[in-house]
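Notes to accompany the following structure.
Derivation of every value follows stated rules applied to the coordinates shown; laboratory data play no part. For clarity, every value in this text was computed on a predicted model and none was experimentally measured. Every residue, glycine as well, gets a Cβ built from its backbone with ideal geometry; the counts of neighbours run over all protein chains shown.
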Amino acid sequence: MTTIAIKPGSTYTSIYVSGHGLVLKEPTVAAFDENNRKHVRAVGHEALAMRGKAPNVTVISPVSEGVISEPEIFAMMLKCFLDKICPIDAVFRPRYKAIVAIPLGLSMEEREMYEDVMLDAGIKSVTLVPSVVLSAIGADLPVGTGNGMISVNIGGGRTEVALLSYGGIIDGCGVGIGGQILDEALVDYTTGKYGVRIGVDQARKVREEIGSLYDNDKACMTVGGMNVASNVPETVNIYALDVRDVALPYFMRICDLVKTIIKGCPVNVANDIMNNGIIITGGVSNIHGIDVLFMEQLGLPVKIYTRPQYLQIVGAGKLLTNDELMNQLITGGSV
Ligand SMILES: Nc1ncnc2c1ncn2[C@@H]1O[C@H](COP(=O)(O)OP(=O)(O)OP(=O)(O)O)[C@@H](O)[C@H]1O
Ligand SMILES: [Mg+2]
């Protein structure tokens, strides 16, 4: 069997194939003809390009706030992605065994739903592993040992915080804060402040390019939108400080979540946390100044990473070939 890892993110779905590495990273969306959800028109990048532009096409995101919310659509989309990495006319189609990244706190029914979705997409054997554990593995942290750590993942639709030790999760929680909610808030803010309504895709570009939590960041970006009074297209200058105004309350809420987890932390783990600090991963942790804000708010060392959006899938990829670590996660109850 071919072993693969799948990250079904709110924004991006990634697939890693053992021995090949990351082979696919595409937006988690599928496009359908209006009123016909049985036949997929396009998936991933191609489907996203159609959103709000192609006539008579509905573009659906099957993962919402980090959880698969449209199982049938997700399975159809994943099948198309698997066809992309192994063409339909291949003589020997591989039988897949997969590690799948999941959010914290799924119910038994939801876990079954994840397994069924993967089976529907043609995967023969499925192992579910929490994303926060995978991103810590991707960051090369010793999650299988008794060295406690706090792993924070801020993705496109969801933020999760977990206290990890001995391959298990001592405590954890999640909230629907991520890139998408920040972008919607920036659209509203720009409309209110400048009278120009921009698209969420523009808001996202601004956040990705000049997003900052520093109070003295002078960066600015010009984007096109619609003047809400005259209904005429117009450009607007959006500043890093605007992004900060919008984003700061959300990041403060994330800090509060981390504080709650720290408060309940067993005293024996407290020393490890002092040494290891807070590990921050996920695409939204690219925002400038996140390390300084968290350090100020939490009074603990903070670790951030370059290309933090890849750590989950890279961690899942590492786990594919590390049986010892997999056994530690099973013993610790993560799996
Ligand atoms: N270079 C970058 N700079 C700033 N933000 C980025 C960058 N790359 C990705 N992002 C942001 O990261 C988010 C996607 O991150 P990630 O892939 O970790 O999320 P996800 O796994 O799809 O979602 P979730 O974990 O919430 O289900 C998007 O909101 C995107 O805007
Ligand atoms: Mg994610």
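In the condition set (1) touching a Pro at 6+ places or on another chain (Cβ under 7 Å); (2) near ligand 1 (Cβ under 10 Å from one of its atoms), G224 is compliant with all but (2). Restricting attention to region 294-318, the residues that are more than 20 Å from L163 (Cβ to Cβ), touching a helix residue (DSSP H, G or I) at 6+ places or on another chain (Cβ under 6 Å) and more than 14 Å from ligand 2 (Cβ to nearest atom) add up to 1.
Just one of the numbered conditions (1) surrounded by 11 or more Cβ atoms within 10 Å (Cβ to Cβ); (2) part of a loop (DSSP other than H, G, I, E, B) is not true of V91: (1).
Filtering region 142-163 to residues that are away from ligand 1 (no atom under 16 Å from the Cβ) and within 19 Å of the chain's Cα centre (by Cα) leaves I150, L163. Among the residues of region 268-286, which ones are buried (at least 18 other Cβ atoms within 10 Å of the Cβ), over 14 Å from the mean Cα position of the chain (by Cα) and among the hydrophobic types (A, V, I, L, M, F, W, C)? V269, I273, I278, I279, listed by residue number.
In this structure, is A162 assigned to a helix (DSSP H, G or I), in contact with a Ser or Thr (Cβ under 9 Å, 6 or more places away or on another chain), over 17 Å from K25 (Cα atoms) and not hydroxyl-bearing (S, T, Y)? Against the criterion (assigned to a helix (DSSP H, G or I), in contact with a Ser or Thr (Cβ under 9 Å, 6 or more places away or on another chain), over 17 Å from K25 (Cα atoms) and not hydroxyl-bearing (S, T, Y)), A162 does not qualify. The residues in region 179-215 that are surrounded by fewer than 16 Cβ atoms within 10 Å (Cβ to Cβ), away from ligand 1 (no atom under 16 Å from the Cβ) and closer than 26 Å to N153 by Cα can be counted, and the count is 2. Which residue pairs have Cβ atoms under 8 Å apart, sit 6 or more places apart or on different chains, and have a first residue in region 56-76 that is among the aromatic types (F, W, Y) and a second that is assigned to a helix (DSSP H, G or I)? Going by the 8 Å Cβ cut-off, the qualifying pairs are F74/V117. Restricting attention to region 161-171, does a residue exist that is surrounded by fewer than 18 Cβ atoms within 10 Å (Cβ to Cβ) and within 16 Å of ligand 2 (Cβ to nearest atom)? No - not one qualifying residue is present in region 161-171.
Taking region 42-74 as the range and being more than 22 Å from V100 (Cβ to Cβ), part of a strand (DSSP E or B) and of a type in the set (G, A, S) as the test, only A42 passes.
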